[in-house]
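The values are calculated or read from the model by the stated rules, or taken from the named source; none is laboratory data. Everything numeric in this text was worked out from a predicted model, so none of it was measured. All Cβ positions, even for glycine, are placed from backbone atoms using ideal geometry, and neighbour counts span all protein chains on display. Accessible surface areas use protein heavy atoms only, side chains included; no ligands, DNA or RNA. Shrake-Rupley method; radii C 1.70, N 1.55, O 1.52, S 1.80 Å.
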Amino acid sequence: MAMRDLIPWNKNRDIDVRRDNDIHPFLALHREMNRMFDDVFRSFDVASFGLGRGFASMQWPSVGVDGITPGFFLSAARLMPYKNLDAVIAAFAELPAARLVVAGAGPDGRRLRASAPGNVRFLGAVDDAHLRWLYANCRALVCAGFESYGLTPLEGAAFGKPTVALRLGGLADVVAEGRTGEFFERADADAIADAVRRLDPNRYEDAARRRRPGARPGREARCPVTRALWVTTEPPDRNLGGGSIREAYLLEALAKKAETHLLLAGTLEDTQTRAVLAGVTEVDVPARRPPVTRAQRRLDDLRRVLVERQPAAVVENRPRARGLADRLPALGAFDLVCVEHDRLGPLIRHRRPGPTRWTLTLHNLPSQRKRHELALAATRRQRWLYRRELADARRFEAAMVAAYDLVVVPSDGDASLLSGDVVVVPNGVDTARFCPTPLPSEPALIFTGTLSWGPNIDGLRWFCRQVLPLVWAQVPAVRLDVVGREPLSEVEDLARLPGVRLHADVPAVVPWLERARVAVVPLRIGSGTRIKALEAMAAGRPVVGTTVGLEGLGIESGVHALVADEPFRFAAAVIDLLGNDELAGSVAAAGAEHTRTRFGWDGIGRHFVETLLDLGQTQAR
């Protein structure tokens with residue numbers, strides 16, 4: 001239909017389409033359409049759509065894009081002149097430390113590619129599954145086009161992502177400045193670059209933690225949180241593994257705002273944590289004894305996937321869960337109950353009627369671990385077993401999200417795989433404890449982590465067997481220090497290899513980081529984020545890690561750390577850092593600054609407590 005065919009209708013609707021200095025005809029039509037929407041959908045407020053709501057809540061398959069790691073800026077648009085992508089690309093030429101991914105096809109593609117700097121990557125047209133992955137893993141969207149509606153920022157907001165947008169037309173209507181994005185006034189490179197620089201991730205903590213759709217409607221507003229209970233099988237402790245460290249800092253942050261009690265299967269050794277708690281109840285209930293022989297393990301696997309249909313951690317910790325549940329009634333009433341780890345998720349069955357809110361923290365998604373194990377499976381039996389376990393894990397995660405008032409995960413990637421009331425509270429690092437020190441010249445590598453955890457053992461075995469020999473061939477004097485707690489026999493066997501040294505249950509990891517030239521994070525299995533990677537970066541050690549090992553940290557490969565997934569590429573990255581002082585120093589400095597500005601426990605603790613207090617005072621969304 002031609003514009004002239006609309007003119008009579010425009011006049012009847014009193015639309016101002018005059019070409020004067022007050023308003024452009026395009027904007028007049030757009031605002032009239034807004035009034036039409038308001039007449040029909042009075043309860044729908046586009047500006048309040050907010051981050052974290054939309055079709056991201058559905059269970060989509062997890063697909064990645066080869067060669068792209070999370071933390072990039074995204075432009076998802078047709079490659080047409082009115083999208084102003086030439087200005088966006090020119091802006092990122094001024095921002096060499098940032099990465100831009102352009103998803104879309106169009107007649108301007110060849111011209112735009114010819115002018116693009118090295119930090120801009122074009123993907124062409126992508127399917128819906130890959131587009132969802134891009135939304136879930138980008139840092140923010142960049143929209144500079146002359147849009148009538150501005151649907152792309154809404155789709156990004158559904159995944160909890162802010163938008164850097166041109167303040168014009170539909171973009172001005174759907175982006176809330178300072179809450180769901182930032183504006184620039186002109187579609188030119190300088191204005192766009194300035195807006196990208198203003199995009200402080202900490203400013204959008206509230207937006208990033210907005211709960212996703214799926215909340216049960218009609219839930220009444222709750223009372224403020226004044227008395228809280230923390231339930232766990234992992235002792236909160238700053239000197240133990242990653243989960244214990246996370247719990248210690250977040251538990252202390254909660255204890256500053258509410259009377260907080262701890263119900264623990266085990267013993268609390270961290271005196272600093274104990275000092276801030278109103279009460280500690282320790283239950284001496286061991287986990288179920290694992291099967292010993294190969295035949296027993298296989299029979300146990302069959303019983304779990306054919307009869308029990310629960311993740312292994314849930315089955316193994318069932319005696320502990322029962323022991324903790326038995327102690328719950330005697331502890332009295334609480335406004336908030338925080339349950340840690342998937343292994344204790346079934347405790348929700350013991351929830352009593354009343355206004356108490358229950359939250360569950362999934363430090364790692366069991367489904368992600370099974371996805372990775374399935375991809376690495378070498379036998380038909382393993383593939384059959386992992387497929388069954390993956391299906392059980394997905395059902396379990398969906399049931400937990402539906403049962404709890406709120407589920408907490410440590411990364412955007414994990415949140416994108418769940419639906420319902422899910423918030424992101426990242427892992428952090430104590431930037432006062434882990435400080436940069438001068439890099440030594442000796443070719444010393446370090447691996448840190450809990451040495452009884454399966455993914456750590458798998459990653460260490462892969463590194464020692466497939467990567468380290470390639471490094472030895474070029475740097476014969478290289479040594480690997482393996483530093484961690486509770487090493488299993490597989491780790492002790494690896495320590496017999498030439499140049500590999502095991503340091504078990506050390507009182508502090510900082511001295512060992514100071515002796516290292518390079519830290520390695522060679523994990524191939526798992527989800528969430530690795531606290532040990534953050535500690536190494538904060539200590540000023542250049543890090544080489546796999547995509548899984550550095551997932552969720554907003555790492556730009558080659559800037560904050562080096563990312564490699566194949567043995568020869570991993571080895572090459574290690575060799576480069578051992579022999580190139582300039583590269584090692586720049587990566588170490590950028591990594592330390594990255595952790596200091598984005599992953600300090602103080603800011604993360606405040607964000608976590610605000611999330612819990614918000615749960616206590618507002619209706620579920």
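Only one entry of Arg343, Arg369 meets the criterion of being within 19 Å of Tyr404 (Cβ to Cβ), under 27 Å from the mean Cα position of the chain (by Cα) and not in a loop (DSSP other than H, G, I, E, B), and that entry is Arg343.
Between Val563, Val559, which is crowded, with 20+ Cβ neighbours inside 10 Å and hydrophobic (A, V, I, L, M, F, W, C)? Step through it out loud before you land on a result.
Working: Val559 fails: crowded, with 20+ Cβ neighbours inside 10 Å.
Only one candidate passes the filter, namely Val563.
Residues in the range 432-457 that are closer than 25 Å to Asp576 by Cβ, open to solvent by 20 Å² or more (accessible area, probe 1.4 Å) and not hydrophobic (A, V, I, L, M, F, W, C): Pro436, Thr437, Pro438, Pro440, Ser441, Glu442, Pro443, Thr448.
The residues listed here are Ala172, Ala193, Ala187; of these, the one that is surrounded by fewer than 23 Cβ atoms within 10 Å (Cβ to Cβ), of a type in the set (A, V, I, L, M) and either at pLDDT below 85 or under 23 Å from the mean Cα position of the chain (by Cα) (or both) is Ala172. Among the residues making up the range 317-376, a single one is aromatic (Phe, Trp, Tyr) and under 23 Å from Thr267 (Cβ atoms): Phe334. The set of residues from the range 139-174 being over 20 Å from Ala189 (Cβ atoms), of a type in the set (A, V, I, L, M, F, W, C) and touching a residue at least 40 places away in the same chain (Cβ under 8 Å) comprises Leu154, Ala157, Ala158, Phe159, Val174.
Name every residue in the range 107-146 that is in a loop (DSSP other than H, G, I, E, B) and either open to solvent by less than 40 Å² (accessible area, probe 1.4 Å) or among the β-branched types (Val, Ile, Thr) (or both), in order of residue number.
Of everything in the range 107-146, those that are in a loop (DSSP other than H, G, I, E, B) and either open to solvent by less than 40 Å² (accessible area, probe 1.4 Å) or among the β-branched types (Val, Ile, Thr) (or both) turn out to be Asp108, Ala116, Pro117, Asn119, Val126, Cys138, Ala144, Gly145.
The numbered conditions (1) over 18 Å from Gly558 (Cβ atoms); (2) at pLDDT 90 or above; (3) in contact with a strand residue (DSSP E or B) (Cβ under 8 Å, 6 or more places away or on another chain) are all true for Phe92 except (1).
Yes/no per residue for (1) assigned to a helix (DSSP H, G or I); (2) small (Gly, Ala, Ser); (3) open to solvent by less than 20 Å² (accessible area, probe 1.4 Å); (4) touching a Gly at 6+ places or on another chain (Cβ under 9 Å):
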| site | (1), (2), (3), (4) |
| --- | --- |
| Leu550 | no, no, yes, no |
| Gly554 | no, yes, yes, yes |
| Ile575 | yes, no, no, no |
| Ser586 | yes, yes, no, no |
| Ala592 | yes, yes, yes, yes |
| His607 | yes, no, yes, no |
| Leu615 | yes, no, yes, no |
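Cβ-Cβ contacts under 7 Å between residues 6 or more apart (or on different chains), taken from a first residue in the range 370-393 that is within 19 Å of Asn456 (Cβ to Cβ) to a second residue that is open to solvent by 40 Å² or more (accessible area, probe 1.4 Å) and not in a helix (DSSP H, G or I), are listed as Arg371/Ser62; His372/Arg524; Leu376/Arg524.
Hey, among Gly354, Gly345, which residue is more than 21 Å from Pro311 (Cα to Cα) and small (Gly, Ala, Ser)?
Sole residue among the options that is more than 21 Å from Pro311 (Cα to Cα) and small (Gly, Ala, Ser): Gly354.
Do the conditions hold for Gly540, that is, is it open to solvent by less than 20 Å² (accessible area, probe 1.4 Å) and more than 29 Å from Trp133 (Cα to Cα)?
Spelling it out, Gly540 is indeed open to solvent by less than 20 Å² (accessible area, probe 1.4 Å) and more than 29 Å from Trp133 (Cα to Cα).
Only residues that are part of a helix (DSSP H, G or I) and open to solvent by less than 50 Å² (accessible area, probe 1.4 Å) were counted across the range 470-503, and they come to 3. Among the residues of this structure, Val506 counts as one that is β-branched (Val, Ile, Thr), free of Cβ contacts under 8 Å to residues at least 60 places away in the same chain and either closer than 17 Å to Ala561 by Cα or open to solvent by 10 Å² or more (accessible area, probe 1.4 Å) (or both).
Quick check: anything in the range 347-365 open to solvent by less than 20 Å² (accessible area, probe 1.4 Å), at pLDDT 85 or above and in a helix (DSSP H, G or I)? Yes, the range 347-365 contains at least one residue that is open to solvent by less than 20 Å² (accessible area, probe 1.4 Å), at pLDDT 85 or above and in a helix (DSSP H, G or I).
Number of residues in the range 324-340 that are open to solvent by 30 Å² or more (accessible area, probe 1.4 Å) and in a helix (DSSP H, G or I): the value is 5. Note on the range 433-461: residues that are more than 30 Å from Pro290 (Cβ to Cβ) and of a type in the set (Lys, Arg) total 1. One residue stands out in the range 378-421 among those that are among the polar types (S, T, N, Q) and in a helix (DSSP H, G or I): the one that is least open to solvent (accessible area, probe 1.4 Å), namely Ser416.
Residues of the range 518-548 that are assigned to a loop (DSSP other than H, G, I, E, B), under 14 Å from His594 (Cβ atoms) and of a type in the set (A, V, I, L, M): Ala539 alone. Ala508 passes every criterion in (1) within 29 Å of the chain's Cα centre (by Cα); (2) aliphatic (A, V, I, L, M); (3) modelled with pLDDT of 90 or more apart from (3). Remark: Ala321 matches the filter, which requires a residue to be closer than 17 Å to Thr233 by Cα, of a type in the set (A, V, I, L, M) and in a helix (DSSP H, G or I).
Looking across the range 49-85, just one residue is part of a loop (DSSP other than H, G, I, E, B), open to solvent by 70 Å² or more (accessible area, probe 1.4 Å), under 21 Å from Val164 (Cβ atoms) and modelled with pLDDT of 65 or more, and that is Arg78.
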